[in-house]
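Heads up, the thing below is written out as C-alpha cells.
Read-outs throughout are calculated quantities, based only on the coordinates presented, and are distinct from any laboratory measurement. Please read all numbers here as calculations on a predicted model, not as lab measurements. Ideal geometry is used to build each Cβ from the backbone, glycine not excepted, and the neighbour counts take in all protein chains shown.
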Amino acid sequence: MSALLLKNGRFVLPDEVTEPQNLLIRDEIVFKIGAEDCGEESIDVKGGYVFPGFVDIHIHGGGGADFMDGTAEAFETAVRAHLKRGTTTLVPTAMTATHSELVGFINAYHSFKKHSKYSDAAVGLHLEGPYFSNTDKSSKGAQSGNLIRDISFAEIAELLDTADGSIIRWDAAPEIPNSAKFAEICKENNIICAAAHTNATAAEAQRGFEAGFSHITHFYNAVTAYKKRGQKVTAGVVEAAYLNDGVTLELICDGRHVPKECVQLALKIKGEKKVCGITDATRISCTDMKCGKLGSLKNGTEVIVDDGVAKLPDMSSYAGSICTMDRALKVLCVDYGIGILTAAKMLSSNPAALINEENIGRIKEGFFADLVITDNNFNVKTVIKRGRVTE
C-alpha cells in the first residue's frame, strides 16, 4: 500500500479553507485529513493551498492538439498539457464537423481510453453540435456554418451506437425543428442536453427546458439575451435560464469572454452550486502558438490569438479560448474577487456533480486523491492524480 503525506497545507474543503495541517493519501484515496506525520513519503506544501483537482467539462484541446484531430495521440497530448495545469478530469469536446469526423473523434476516444495511462482523466464525450442555429454570426460563433445542419435521427443513432455510452453531454439549439425529440433521446441515453449557438427567444428556450434541455453552454456567449427583433423587444436564453431554477450554467473563465459583473450576477441569481467554470480551450492553449485551427486540421476553423483570447481572423467573433484552469482560478479569485470556496465549487465540485462523477471534485476522506497544490498566489506547484504526483 503506497502512502503520501501532504504537510502544512491549507486544504480547500467544501465548506472551509483549513489552517495549515496534514493530509494522508493511501493508494488512490484521501485517507485522513488532519493526519499525524508518521514518516511517510511527504510533500511540504509550505502553507500554500491544496485544491480539489479541476474538472473541465468543455475543452477542445491543448498543447497543439485538438480532440477533433481524431487520433489517440491528440487526446494524449491535450490531456497531458492540461493535467500539468491542474485539470485532473476533463470531457473532450467536439465541434460542428462532418459525420465521419465525429465518428473519428469518438473512435479516437475509445483508443485513448484503452491504451493511455492517463485514460482516467477523460470521463466521457461532449458533442458541441452539429445541430445549431445558422441564422446570424452572433449565434454561429466559430462553428462552421457550412457544416451546421438539421437534426438527423439516423445520424444520432449511428453516433450513439459508435459511442457505446461514452457521450455524456450534447449541445443543440432549442428553437430548431425536432429539438424536443432530440432532448428526449438525450434523456433516454443519460446525456446532458444543453442549449448552445442559439437564436432562441425566451419562450422558445422555455419550451426547450420543458422538453429536456437542462444546461446552457458558454453562458452569455453565442446565446441570446434581451434585444430588439424588428419592432418588438424580446427576452432571450439568458433571461429564460435565470428564471428557471433547474437550469445550470457554464462560464468561460478566461477574463475575456465574460466580464466580472456578469459572473457575479450569474452567481447571485443562480446560486453558487448551479454555475460551472470552463476553459473552452483550443489547441493553442498551453503553447506559444499565435494561430491554429479550432477543430480538425482538415475542416477546422482558422483562429488567431489577440489580446489573450482566440478570435476569428476577421475579429468578428471569439473562437474558443487559450485558457487553462489554473488561469481560470486566478481570474476568479484575483481579478474578479470571487471567494476561494466559490471558485473551487465552480472549477471542481459543480462540474463533477453535473456529470455525475461522485468521487472527485472535493477533498473528502474516501474520495479520489485528485489534488492541485498552489502557492499563495495560486500558481500551480504540484498536481496529484489518483494519489500519484504527475509528470
For segment 171-327, build the convex hull from the C-alpha positions and give me its volume per residue in Å³.
146 Å³
Where the only charges are on Cβ atoms (+1 Lys, Arg; -1 Asp, Glu), what is the dipole of segment 131-236 about its Cα centre, to the nearest 20 debye?
720 debye
Putting +1 on Lys and Arg Cβ atoms and -1 on Asp and Glu Cβ atoms, find which of G246, P92, T71 reaches farthest to the positive end of the dipole of segment 54-354.
G246
If we sort 247-256, 149-158, 109-118 on the protection proxy, mean other Cβ atoms within 10 Å, highest first, what's the order?
247-256, 109-118, 149-158
In cubic angstrom per residue, the convex hull of the chain built on its Cα atoms measures 128 Å³
Suppose every Lys and Arg Cβ carries +1 and every Asp and Glu Cβ carries -1, with no other charges. What dipole size does segment 230-350 come out with about its Cα centre, to the nearest 20 debye?
200 debye
Using alpha carbon centroids, what distance separates segment 34-89 and segment 347-391, in Å?
8 Å
Mind ordering 68-78, 190-200, 319-329 by average Cβ neighbours within 10 Å, highest first?
319-329, 190-200, 68-78
Residue-span extension gain [N189 to C291] - 0.36 nm each, minus C-alpha spacing:
33.0 nm
Order the peptides 50-59, 286-295 from the highest to the lowest mean number of other Cβ atoms within 10 Å of their residues.
50-59, 286-295
Give the distance, in whole Å, between the Cα centre of segment 205-269 and the Cα centre of segment 315-343.
18 Å
Unit charges on C-beta of K, R, D, E only; dipole of segment 54-354, Debye
640 debye
Would you mind checking K181/K228; K140/K385; K84/K268; K7/K345; K32/K385; K7/K84 for any pair whose Cα atoms are more than 26 angstrom apart?
K181/K228; K140/K385; K84/K268
When all C-alpha to C-alpha distances in segment 300-376 are sorted into bins of 5 Å, what percent of pairs does each bin hold, rounded to whole numbers?
3, 13, 17, 17, 15, 14, 11, 6, 2, 0, 0
Between D120 and H99, 0.36 nm times their residue separation minus their Cα-Cα distance comes to what?
4.9 nm
